[in-house]
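Chemist: Quick one: this structure, given as structure tokens, is what I'll be asking you about.
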Amino acid sequence: MRLFGRRKKRRACVVGLDGVPFGLLKRLAGEGVMPRTAALLRGGGLRQMRASLPPISSVSWSCFMTGANPGEHGIFGFTEVEPDTYRLRFPMFGDLAVPTLWDRLGEAGKRCAVINQPSTYPARRMPGALVSGFVALDLEKSVWPKEHLRPLEQMGYRIDVDTRAARENLDGLLDDLFATLETRRRAAAYFWERERWDYFQVVVTGTDRFQHFLWRAVEQADDPRHDRALGYYQAVDKFIGEMWDRFHQGAAADHEGEGFLMLSDHGFCELRQEVRLNAWLREQGYLDYETEEPKSVAEMAEGTRAFALDPGRIYLNVKGRFGKGCVEPEAAPALREELAARLTEWSHEGEPVVSHIFTREEAFHGPRTELGPDLVVLSRPGLDLKGTTRGKEVFADTHFQGMHTWDDAFVWSRLPVPDQPEISDLAAVIEEWLRA
């Protein structure tokens with residue numbers, strides 16, 4: 001029997017909605033598409049939030065789960081180049097240079113259950129349970145501890161939708177999105193009951209996939225898939241409601257669900273054209289290749305002064321840093337200023353292409369800052385900056401309908417968060433609550 005007056009221990013629950021922008025969440029809640037979310041928003045707590053630089057899931061979720069800047073945790077994108085060969089590599093969970101929120105909570109005696117967290121592959125030992133999210137390649141390597149693998153297989157758990165098939169069959173993508181969300185719901189229910197957790201987190205990645213391929217379907221009422229698009233957000237809203245009900249019913253009466261948070265890792269907007277930064281650098285005389293149809297920046301020619309990686313990261317080809325470096329270190333600052341000036345003047349169809357340019361020192365801080373890009377470039381809405389080496393055309397059509405944005409992610413919380421929050425601020429908010 002519980003002693004009179006003893007308080008229940010504090011717990012926290014986070015629901016991540018990958019890529020859902022502040023404005024879209026408010027609109028869908030206000031229009032009655034997401035009624036459970038609307039009920040939460042009526043109590044206040046919704047804030048517009050800045051994502052990481054660059055605004056991409058691998059970086060932004062790494063900022064969230066560490067409370068650190070990329071210059072500290074060392075993840076600057078989904079891909080990096082080997083300095084000697086320029087071959088692309090994919091940073092993995094083991095490349096994260098600082099402890100996670102869950103590691104720190106474990107040191108304080110707390111247990112965590114984390115489901116579908118991007119950039120945690122392969123799963124590693126942690127105080128509780130972890131299911132890796134995008135980019136996870138194999139479910140068997142995505143689960144810690146292994147005792148949870150068989151139950152996940154039995155429920156048909158899906159790490160992600162099939163984005164390759166989505167390019168050919170958008171109706172099939174919708175089917176896949178609903179099915180994947182259902183397995184996420186089952187997994188959340190399973191871990192909620194099986195783990196003795198203090199911190200619980202589940203991320204819905206399908207919202208990002210949906211918006212990349214089907215942004216117009218939710219934005220335009222005359223789109224043939226509009227009703228099913230709204231239906232998907234209704235299903236997400238139902239899942240949010242289930243998570244809130246579980247948490248609120250188990251919370252101490254005097255806490256009133258204070259430890260419940262929702263957030264996105266970046267925003268979104270409609271995409272009009274893909275913008276190939278390497279093609280622009282080539283056109284401007286900063287980059288050339290050894291082959292006519294290069295497959296990667298590893299095929300750049302001697303004399304290349306700058307190259308780009310997704311999404312909007314520009315690296316100066318400096319001697320001593322890269323194998324084919326030709327830019328003298330003392331000449332790098334002037335070259336960077338020259339590039340920034342040209343990018344600022346760059347226009348397309350009468351509109352500026354670029355909205356913000358950050359130097360490495362402006363974007364990052366910490367001991368790994370020097371590993372980051374020399375410039376982080378953000379485009380105007382609708383023009384999606386890419387680091388591909390395909391084609392000589394700077395502006396190209398694409399099968400995608402939506403693109404990431406930096407300054408319109410969201411966070412909802414009854415806990416105190418900064419007035420102008422950044423995603424890296426939230427780990428400290430959660431830790432302070434759980435350690436109190």
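Chemist: Being at pLDDT 95 or above, closer than 22 Å to F400 by Cα, polar (S, T, N, Q) and surrounded by fewer than 17 Cβ atoms within 10 Å (Cβ to Cβ), is that true of even one residue in the stretch 353-362?
Modeler: yes
Chemist: Take the stretch 93-121 and flag every residue that is of a type in the set (V, I, T) and in a loop (DSSP other than H, G, I, E, B).
Modeler: Result: V98, T100, T120.
Chemist: Going by the structure shown, is T163 touching a residue at least 40 places away in the same chain (Cβ under 8 Å), in the same structural domain as A108 (by TED's automatic domain parsing) and among the β-branched types (V, I, T)?
Modeler: Criteria met by T163.
Chemist: So, in the stretch 139-167, how many residues would count as being assigned to a loop (DSSP other than H, G, I, E, B) and over 20 Å from S60 (Cα atoms)?
Modeler: Total satisfying the criteria: 8.
Chemist: Could you grab me the full set of residues in the stretch 129-158 that are under 25 Å from A108 (Cβ atoms) and under 23 Å from the mean Cα position of the chain (by Cα)?
Modeler: A129, L130, V131, S132, G133, V143, W144
Chemist: Name every residue in the stretch 267-287 that is in a loop (DSSP other than H, G, I, E, B) and on the phi < 0 side of the Ramachandran plot, in order of residue number.
Modeler: Residues satisfying the conditions are L271, R272, Q284, Y286, L287.
Chemist: Name every residue in the stretch 394-408 that is of a type in the set (A, V, I, L, M, F, W, C) and under 16 Å from L53 (Cβ atoms), in order of residue number.
Modeler: M403, W406
Chemist: Let me ask something else. Scan the stretch 324-346 for residues that are part of a helix (DSSP H, G or I), acidic (D, E) and more than 31 Å from the chain's Cα centre (by Cα) and jot them down.
Modeler: Once the filter is applied, which keeps residues that are part of a helix (DSSP H, G or I), acidic (D, E) and more than 31 Å from the chain's Cα centre (by Cα), the stretch 324-346 yields only E330.
Chemist: In the set G94, G67, G106, G71, which member is surrounded by fewer than 24 Cβ atoms within 10 Å (Cβ to Cβ), at pLDDT 95 or above and on the phi > 0 side of the Ramachandran plot?
Modeler: Only one candidate qualifies: G67.
Chemist: Still on this structure: Which ones in the stretch 198-249 are within 30 Å of G109 (Cβ to Cβ) and outside any helix (DSSP H, G or I)?
Modeler: D198, Y199, F200, Q201, V202, V203, V204
Chemist: Which of (1) farther than 17 Å from Y232 by Cβ; (2) in contact (Cβ under 8 Å) with a residue 24 or more places away in the chain does R185 not meet, given it meets every other one?
Modeler: (1)
Chemist: Considering A136, A187, which residue is in contact with a helix residue (DSSP H, G or I) (Cβ under 8 Å, 6 or more places away or on another chain), farther than 22 Å from W215 by Cα and in a loop (DSSP other than H, G, I, E, B)?
Modeler: Testing whether each residue is in contact with a helix residue (DSSP H, G or I) (Cβ under 8 Å, 6 or more places away or on another chain), farther than 22 Å from W215 by Cα and in a loop (DSSP other than H, G, I, E, B) leaves just A136.
The values are calculated or read from the model by the stated rules, or taken from the named source; none is laboratory data. All of these numbers come straight from a predicted model, not from anything done at the bench. Don't worry about glycine lacking a Cβ; one is built from the backbone with ideal geometry, like all the others, and counts go over all protein chains shown.
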